[in-house]
Structure formats: structure tokens, C-alpha cells
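First up is the structure itself, then whatever we jot down about it.
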Amino acid sequence: MEPDVLENLERLQEVADEIDRLESRRQAAREERDRLQEALEGAQGELSRREERAHALDIERRKRELVIKEEKDRMARVKGRMGEVKTSREYQAVIAEIGSAKQNVTENEAVLAQELQDLEALTAQVAEARAQVEALQRDLAEASGVLDAVVAETEQGIADMKDRENRYLAQLPREVVDRYRLIRTRRGGLAVVEARAEACTACNMRIPPQAYIEVVRRTRVVQCPNCHRILVPPREEAPAG
Ligand SMILES: [Zn+2]
């Protein structure tokens, strides 16, 4: 066996681990940015809903003020006709109309008072939602710089590591590369593990003594009899380099 096959495999696994680490860091940064973005969008939605409610209530308030004004005008007009009243029937009609206008004014003023109170509460809620939106906009703006930098940095790191991975792969026999890739796919990314004290450090399965000696001496690519990962000698016993 080429003397550096196992070393290349070890380095390949280290590079793969580093790529996984960088990818999960990049993912975490993206998720954090999405989370902040969603929180902001949620707050913006709430602000719009409150603004719409306040706007609708304000329209109601204006309509009601107009109704009150019209009823008061009607009352004034009817009162002005008092002088022209000739019969008691006409008089009764005028009194009834004034009474009805007065009642309308009283009722609408009571509703208006409630609407003004609601509008005040709603205005406070709008201000609160707006403050929330502004706080989240600041959070997002502050975090974006950091998160974008993390994404850019991890992307660069991943690209560098992939170059290195390709260099190691190019130095390995095709058959070893295929085996490495197959194990990596089947074993959650971890294809190369140390053998230590005659056992696989990934699954703890004992390795037959002869195979263990071959691992330590680097005579061939030995796979764990249980999890099929490629076994490399314990780090501290590995030759320097
Ligand atoms: Zn194993």
C-alpha cells in the first residue's frame, strides 16, 4: 500500500469535519438572520393591523361627529319653526321632532365618548407596535453585519476546504475514494476513525488482533468489522508528520 494512503484518509476526514463545522456555522447564521427577519415581519404585520383598526375607528368617529352636528342643526331648524306653528297638532309634531333629535344626539354622544376612549387606547397600541418594529429593525441592522460576515467567512472557508478535499481525493486510489465516499454517506459523515486498544472508537467493536496490527503498521486499509469505517492508528502512536 502506498505509505500515505491512511494519512491522506485521516486528513480527508479532518477536512470533511471542518466542512461540516463550517456548514453548520453558516446554517446557524442564516437561521438567526431568518429568525430576526421573521420577527420583524411579524411586528410589522401587527403594526399594520393596529393602524388599520385605528384608522377605521377614526372614520367612524368622524361620521358620528357629523351625525351629531346634523341632529343639532335639525333641532335648531325645528326650534326656529316654533314661531310659525299654528295648530296644536303642528306643535305636537315639532315637539316630537325636537325630542327625537335630542335623543339621537344623546345616544350618539354616548357612543362617541366610548369611541374616543377606544381610539386613545388604540393609538397607544399603535405607538407600542411601532416602537417594537423600530427595536427589531435596529436588532436586524446590528446583527446583519455580523451574520453576513459569518456567512461570507464560512463560505470562503468551505471553498478552501473543498479545494483541499479535492487535492487529497486526487492523491488516493480510485477504489479507496469510492469506499470512503460510500462509508461517509452511510455513516453520517464519519468515515475514518481511530482504532484504539484493539477497538473501533466509533462503535466500540473489538478488532481482531491481526487486523489491529495491520492498522497500526499501516499495511492496508482496514475497515471496522461492525460499522465498516476505515480504521487509522491511534493519533499519539502515529508517526510524526
Ligand atoms: Zn466500528
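Laboratory data are not the source of any read-out in this text; all were calculated from the coordinates shown. Keep in mind that what you see is a predicted model, and the values were worked out from it rather than measured. Every residue, glycine among them, receives a Cβ derived from its backbone with ideal geometry; neighbour counts consider all protein chains shown.
Computed quantities for the displayed model
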quantity	calculated
Other-chain or far-sequence residues with amide H under 5 Å of ARG196's (modelled H)	THR201
Cut-off 13 Å between beta-carbons: net charge of the residues surrounding GLU32, Lys and Arg +1, Asp and Glu -1	-1
Rounded if a/c under 1.5, otherwise prolate or oblate - segment 78-177, Cα gyration tensor axes	prolate
Exposed-loop-free span, longest in the chain, where trypsin sites (Lys or Arg not before Pro) count as exposed if DSSP calls them loop and at most 13 other C-beta atoms lie within 10 Å	87-219
Calculated over segment 1-158: convex hull of Cα atoms, volume per residue (Å³)	116 Å³
FRET efficiency for GLN171 and ARG130, using Cβ-Cβ distance with R0 set to 51 Å, rounded to 0.05	0.25
Förster-model FRET efficiency, 45 Å R0, ALA141 and ASP58, C-beta, rounded to 0.05	0.90
Extension gain from ALA39 to THR201, taking 0.36 nm per residue of separation minus the Cα-Cα distance	54.0 nm
D (Stokes-Einstein, µm²/s), Kirkwood Cα radius, segment 175-237, 1.306 mPa s at 10 °C	139 µm²/s
All-pairs alpha carbon distance profile, segment 93-138, 5 Å steps from 0, percent	5, 19, 12, 12, 10, 9, 8, 7, 6, 5, 3, 3, 1, 0
Stretchable slack from ALA76 to ARG220, in nm (0.36 nm times residue separation minus alpha-carbon distance)	40.8 nm
For segment 175-237, size of Cβ-based charge dipole, Lys and Arg +1, Asp and Glu -1, in debye	220 debye
Förster-model FRET efficiency, 35 Å R0, GLU31 and GLN114, C-beta, rounded to 0.05	0.15
Percent antiparallel among DSSP beta bridges (both partners in the chain, rounded to 5)	60 percent
In the chain, lysine pairs closer than 18 Å at Cα, eight or more apart or cross-chain	6
Separation in nanometres of the label points that stand 7 Å from Cα toward Cβ, at ARG186 and GLN103	9.0 nm
